[in-house]
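The values are calculated or read from the model by the stated rules, or taken from the named source; none is laboratory data. Keep in mind that what you see is a predicted model, and the values were worked out from it rather than measured. Counting neighbours? That spans all protein chains shown, and the Cβs are built from the backbone with ideal geometry, glycine included. Each accessible area value is taken on the protein alone, full model and side chains, heavy atoms only, with ligands, DNA and RNA left out. Shrake-Rupley method; radii C 1.70, N 1.55, O 1.52, S 1.80 Å.
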Amino acid sequence: MQELEKKQITPVELAAAMMQFTMKSIENSWDTLKPAIIAYLPQPVLTMAKEDELLRDIYVAALALEIYCIPHAFEEETARLVSLGMGEVMASENLAEHRLSESIVHYYLPRLEQVAAVAPADLALELVQEAAKILYERIELPLKPADPSTSLLWAKLFPFLAGIVGKWPILATKFEVKTE
């Protein structure tokens, strides 16, 4: 089979593409998670403001995983460049006002580091599971059980998050990062 020529893009463009790809995945899958969320509201109505808040929380969790996994998805120099590109995108005028990096650095990265430090046999699974736990804790729903093991939301949230992350390998098949 003939290998397709990959498009050359900058690290910033690759980071932006991953972020857009992730958000599109969330939007496309949102309707599968929404009923489980509505079940934990006092009234079965999800306001636009609450929906935006939840989508933002989910996006932050997915983005934290994608950022954390950069060194695992690329060879060392490319990973360094992509990390710098991601930092540039996150600091851009359009995203800085949303303060996404604050939640990622404060809530997600320290706990993801703890998971990696244990060196589990399936690091990817453990990272997604930890991110889902953090997301479950952070989602504010009045009727949500404190114990995720007794929650339909948890049963839906973990596979939802697992299904929307892991964009780097897909992007790596289509694009090559310019190293200059």
> Which one of these does A132 not meet: (1) touching a residue at least 60 places away in the same chain (Cβ under 8 Å); (2) open to solvent by 60 Å² or more (accessible area, probe 1.4 Å)?
Replying inline: (2)
>> Being of a type in the set (A, V, I, L, M) and closer than 20 Å to D52 by Cβ is the filter here; which residues of region 89-130 pass it?
In response: M90, L95, A96, L100, I104
> Where in region 20-91 are there helices (runs of 4 or more DSSP H), lying wholly inside it, with at least 2 residues that are surrounded by 16 or more Cβ atoms within 10 Å (Cβ to Cβ) and modelled with pLDDT of 95 or more?
Replying inline: 48-68
> Looking at region 155-170, is at least one residue farther than 19 Å from A15 by Cα and without any contact (Cβ under 8 Å) to a residue 24 or more places away in the chain?
Replying inline: yes
